[in-house]
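Note sheet for the following structure.
Here, each number is a calculation from the coordinates, and none is a lab measurement. Since we're looking at a predicted model, the values are computed, not measured. Quick reminder, even Gly has a Cβ in these numbers, built from the backbone with ideal geometry, and neighbours come from all protein chains shown.
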């Protein structure tokens with residue numbers, strides 16, 4: 001499985017709300033991500049900068065690229081747009097992270 005890592009940006013003061021919304025993750029969104037080949041998805045917060053750091057694993061046959069067109073994904077983005085930096089279509093702004101080290 002390929003590991004994908006990226007950064008997103010949370011708006012100031014929104015950490016508790018971000019956690020609450022993810023604690024209540026919609027079952028249909030969790031199923032969609034799993035069906036798209038996403039596994040072992042983690043998101044971490046740097047409270048000093050409000051930067052979110054995410055890592056996930058992608059199966060060889062993943063369909064991650066199809067997610068932006070899915071209605072459930074679009075609804076989730078709309079649901080999260082008020083607490084994160086987003087693109088004009090409400091997709092969270094993402095900055096890829098370069099792999100630097102792995103402990104074998």
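Worth pointing out:
- Theoretical FRET efficiency, 1/(1+(r/R0)^6), r = Cβ-Cβ of residue 60 and residue 22, R0 22 Å, to 0.05: 0.25
- Normalising the Debye intensity of the chain to I(0), with uniform scatterers on Cα atoms only, and taking log10 at q = 0.10, 0.21 Å⁻¹ returns -0.28, -1.31.
- Cβ crowding within 10 Å, taken as a proxy for footprinting-reagent exposure, orders 6, 101, 44 from fewest neighbours to most as 101, 44, 6.
- Full extension of the chain between residue 46 and residue 102 yields a length gain of 18.1 nm, computed as 0.36 nm times the residue separation minus the alpha carbon distance.
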